[in-house]
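**Q** What follows is a single structure, and I will ask about it in a moment.
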There are 4 protein chains.
Amino acid sequence: MDTVTLEDARTVIAAAEAKAAEIGQPMNIAVADAGGNLVSHVRMDGAWIGSIDISINKAFTSRAFDVATKDLGDNSQPNQQFYGIHASNHGRIMIFAGGLPLRRNGQVVGSIGVSGGSGEQDQTVAEAGAAALK
Amino acid sequence: MDTVTLEDARTVIAAAEAKAAEIGQPMNIAVADAGGNLVSHVRMDGAWIGSIDISINKAFTSRAFDVATKDLGDNSQPNQQFYGIHASNHGRIMIFAGGLPLRRNGQVVGSIGVSGGSGEQDQTVAEAGAAALK
Amino acid sequence: MDTVTLEDARTVIAAAEAKAAEIGQPMNIAVADAGGNLVSHVRMDGAWIGSIDISINKAFTSRAFDVATKDLGDNSQPNQQFYGIHASNHGRIMIFAGGLPLRRNGQVVGSIGVSGGSGEQDQTVAEAGAAALK
Amino acid sequence: MDTVTLEDARTVIAAAEAKAAEIGQPMNIAVADAGGNLVSHVRMDGAWIGSIDISINKAFTSRAFDVATKDLGDNSQPNQQFYGIHASNHGRIMIFAGGLPLRRNGQVVGSIGVSGGSGEQDQTVAEAGAAALK
């Protein structure tokens, strides 16, 4: 099973941090491995403390279902097919933007979760992080 | 990092209590510090026991995201950007009116959470408390 | 059902705070009512943040079983009759010194929980608080 | 209230990682701030996944009570003054070696938590991390 290493996680986090600094919004950034387990987390100075848990769990969610949390969210609104999924997994399922699978050679090898700004900002920073994985 | 003291918390709570008495609705009132940790809580005689937890967690939420819980709530309705956030942080995120950051010199130094009446009443009492911080 | 009022709780807390100041150890102090539900909590400046939860739950425990938490603790050591009771009530049972029932006219009307120092210090402060109830 | 920055946390983690590499035992290393909230976490390649939570909660515990988790543990054995404390704070209290307060100018500004080896190894790595804070 290919999976992200700590070095991979640091590469992804560095790219995400650079993007967060560029847009001027401090973030919590987390990377999980192929097993959905946390590899590394950073809270940038001034980032929300409520977003620690959210960033880690966005990463968990993205690997748990191999999906962007934003897309899972679209399917989890009232009257949609996964409505209520946020009650599962002991509160670890996050259904709003900022979580993305990390892929290498077409295979999911881990995930990134970002929290600290608007949904759009979180998504932008997560995309910058995910794009940096080699 | 500036933070509220117990004396600050008592000043805030006294002002909130006075407003609650004025509008005739007994309340639970909680104040958290800059780290989101509880400094003090009071339950006025006759106030709801289900609101103990809510007041403490409204205070936590307001510091966790430096936001009024009412505003967070607007962004957490179905199809809004933070829908589902109430599942995070082990059930501590409150997304309805009554929680406010406490600011000193433009900096968030803690928060207040009020629960015991209608959303509008909770908000009114929280605002009276927050305004009293020196 | 006779029960402590917010005014009673403040009387108890003031006496406990004075004792904590006298012995030079900042404390978390909580008072619960006849229903075991929190009436008021204060964290003195510099008191441990891990003791917020403990003080509130020592108060809960003392009313839950109408017992001093120190005495419950003696009965909850390995090979004693209540060993394992700390796993009940969703982690709210505290089995070490610092929690006491509050009595009026021989009847338990609430409880106090103190946390922030050694077991002996917590107990001393709780006793000072309990003695102040009128 | 002085608190650790992300840069501080990285300095501490780097020193801890170097020590873990030196003794040949991969570790989870976490740093919390003055409010007990996570600043950063790393899991070295090959470190136990069960130790993610433990490292984060050792850091929480050390700041929650301004104590080494090893010393808290000595006081939390059966028949000792804090026996049962591990049931408090929703399962976040760790009572074995590997957590240390971080001090600057004699003041606790955060904490480190290490998990991944024997108690002695965890302690050694935590000490190396704590010593690196400037």
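The values are calculated or read from the model by the stated rules, or taken from the named source; none is laboratory data. Note that this is a predicted model, so its numbers are computed, not measured. Using ideal geometry, Cβ is built from the backbone for each residue, glycine included, and neighbour counts are taken over all protein chains shown. Side chains are part of the model used for accessible areas, which takes the heavy atoms of the whole protein and leaves out ligands, DNA and RNA. Shrake-Rupley method; radii C 1.70, N 1.55, O 1.52, S 1.80 Å.
**Q** Scan the range C:99-131 residue by residue and report those that are out of contact with any Gly (no Cβ under 6 Å at 6 or more places or on another chain), within 16 Å of C:Gly36 (Cα to Cα), buried (at least 24 other Cβ atoms within 10 Å of the Cβ) and of a type outside the set (A, V, I, L, M).
**A** Once the filter is applied, which keeps residues that are out of contact with any Gly (no Cβ under 6 Å at 6 or more places or on another chain), within 16 Å of C:Gly36 (Cα to Cα), buried (at least 24 other Cβ atoms within 10 Å of the Cβ) and of a type outside the set (A, V, I, L, M), the range C:99-131 yields C:Gly110, C:Ser111.
**Q** Filter the range B:38-90 for residues that are β-branched (Val, Ile, Thr) and either free of Cβ contacts under 8 Å to residues at least 12 places away in the same chain or at the interface with chain A (Cβ under 9 Å from one of its Cβ atoms) (or both) and give the result.
**A** B:Ile49, B:Thr61, B:Val67, B:Ile85
**Q** If a residue must be away from every other protein chain (no Cβ under 11 Å) and among the β-branched types (Val, Ile, Thr), how many such residues does the range A:11-37 contain?
**A** So the count comes out to 3.
**Q** Among (1) open to solvent by 10 Å² or more (accessible area, probe 1.4 Å); (2) over 15 Å from D:His41 (Cβ atoms); (3) not β-branched (Val, Ile, Thr), where does A:Asp53 come up short?
**A** (2)
**Q** Additional query: State which residue is least open to solvent (accessible area, probe 1.4 Å) when the search covers only the range D:2-37 and only residues that are without any contact (Cβ under 8 Å) to a residue 40 or more places away in the chain and closer than 20 Å to B:Asn37 by Cβ.
**A** Only one residue fits best here, namely D:Gly35.
**Q** State which residue pairs qualify: first residue closer than 14 Å to D:Met1 by Cα and inside the range D:106-123, second residue of a type in the set (Lys, Arg) and outside any loop (DSSP other than H, G, I, E, B) in any location, beta carbons under 8 Å apart, and separation of 6 or more residues or different chains.
**A** Going by the 8 Å Cβ cut-off, the qualifying pairs are D:Val108/D:Arg63; D:Val109/D:Arg103; D:Gly110/D:Arg63.
**Q** A follow-up question, please. Please tell me if D:Ile56 is aliphatic (A, V, I, L, M) and under 19 Å from D:Arg10 (Cβ atoms).
**A** For D:Ile56, the condition - aliphatic (A, V, I, L, M) and under 19 Å from D:Arg10 (Cβ atoms) - is met.
**Q** Would you pick out the residues in the range A:91-121 that are within 9 Å of another protein chain (Cβ to nearest Cβ) and not small (Gly, Ala, Ser)?
**A** Residues satisfying the conditions are A:Arg92, A:Ile93, A:Met94, A:Ile95, A:Phe96, A:Glu120.
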